1. Given a 1.4 angstrom probe, I'd like the percentage of the accessible area of segment 46-138 that is carbon and sulfur, rounded to a whole number.
2. Give me the 1.4 Å probe accessible area per residue for segment 45-127, excluding ligands and nucleic acids, in Å².
3. What list of ³J(HN,Hα) values in whole Hz, one per residue of segment 66-77 in order, does the Karplus curve 6.51 cos²θ - 1.76 cosθ + 1.60 (θ = phi - 60°) give from phi, with Gly and Pro shown as x?
4. What net charge do the residues around M124 carry, taking every other residue with its C-beta under 11 Å from that of M124, with Lys and Arg at +1 and Asp and Glu at -1?
5. Quote the accessible area belonging to R108 in square angstrom, nearest 10, computed with a 1.4 Å probe and with ligands, DNA and RNA left uncounted.
Amino acid sequence: MRKFTAVVLASAMALSVASAGAKDATTIDEMHHGGLPTGSMTQNPQSHMFDGIELTEVQRQQMRDLMQQARHERPVVHIDDIAALHDLVTADQFNEAAIRAKAEVIARVQVEQQVEMARVQNQMFQLLTPDQQATLQKNYQRRLNELRQFSNLQSASSLQAVSSTSSNQ
């Protein structure tokens, strides 16, 4: 039963990963987000890189083409690796070395995905006019400041939770 559950969970994860990258994007925000939820303050600030940038139809088409090409060239995390990691996590005995090895394999693919996305974002940035690039930079600084404030709130909240726990003992 445990193996069946692992297979079902791995299949569901694989389908969600595949469907997130498979949709045809029609706007720059949709192209860039690749179907992932937006609005999360904990996402990478680069994930909203082109939000709020007014594009010409030619720029939109060029960016669609870049994203389409990137989808075909993007390295993928193999389902077998995800399933193997799940099997290690749900095993009767904890095997840290095996989990580390499998996690490193998955992490290497994720690094390659980030490098590929950065390459595409750079190409997309080069398509922008100087005014659009300035707007992008201004938006980035604003989002970075918001993330810093959010991070400071989280740190303060964590410290408050620790101090209230300590004082209750």
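1. 54 percent
2. For segment 45-127, the per-residue accessible area is 63 Å².
3. 4, 5, 4, 5, 5, 4, 7, 9, 5, x, 10, 7
4. Surrounding charge for M124 is +2.
5. For R108, the solvent-accessible surface is approximately 140 Å².
The values are calculated or read from the model by the stated rules, or taken from the named source; none is laboratory data. Predicted model only: the values in this text are computed from it and were never measured. Positions of Cβ are generated from backbone atoms using ideal geometry, with glycine treated the same way; all protein chains shown enter the neighbour counts. Heads up: the accessible areas ignore ligands, DNA and RNA and are worked out on the full protein's heavy atoms, side chains in. Shrake-Rupley method; radii C 1.70, N 1.55, O 1.52, S 1.80 Å.
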